[in-house]
1. In segment 87-136, how many residues are outside any loop (DSSP other than H, G, I, E, B), hydroxyl-bearing (Ser, Thr, Tyr) and under 18 Å from GLY14 (Cα atoms)?
2. Among the residues of segment 52-65, is there at least one that is farther than 19 Å from ILE130 by Cβ and among the aliphatic types (A, V, I, L, M)?
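Just so it is clear, none of the values below were taken in a lab; they were calculated from the coordinates. Keep in mind that what you see is a predicted model, and the values were worked out from it rather than measured. Ideal geometry is used to build each Cβ from the backbone, glycine not excepted, and the neighbour counts take in all protein chains shown.
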Amino acid sequence: MSDIIALKGRGNSGKTQTIKAVFKNLKIKYPSAKITILEPNTTEIKIIIDINGIKVGLESQGDPNSRLKQSLSDFSNAKCDIIICATRTSGMTVQWVNSYSSQYNITFLQQSYVLKNSQSATNIKTANHIISVAGL
């Protein structure tokens with residue numbers, strides 16, 4: 001069974017930057033990976049990266065009324081082996097992820113929120129943890 005790793009946290013807690021750090025680190029670790037950008041020209045990312053035949057979908061939008069619901073569907077239809085996304089702590093975004101429990105093993109990880117001057121280092125540490133949990 002495939003996996004969804006959902007980074008959950010309150011609004012403005014660094015989830016987007018953490019998901020972007022996951023992507024940046026994967027690009028560095030796997031420079032020959034094939035990257036498909038599904039939503040160009042936005043500050044958020046919606047990407048599929050193919051790492052040696054393992055498809056990883058990345059979505060940084062995790063707010064209510066965002067494109068997350070559609071992204072999960074798109075990643076599932078693209079047969080992503082791993083989906084890494086952001087969600088809020090509860091509500092519709094968590095429900096959207098949980099609706100894939102028959103197709104995916106779901107792991108929720110908590111986004112740590114710290115003082116602004118330490119948030120970047122915390123995001124990078126969390127990104128590395130996500131990559132480890134994903135087995136990448």
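1. 6
2. No, the conditions are met nowhere in segment 52-65.
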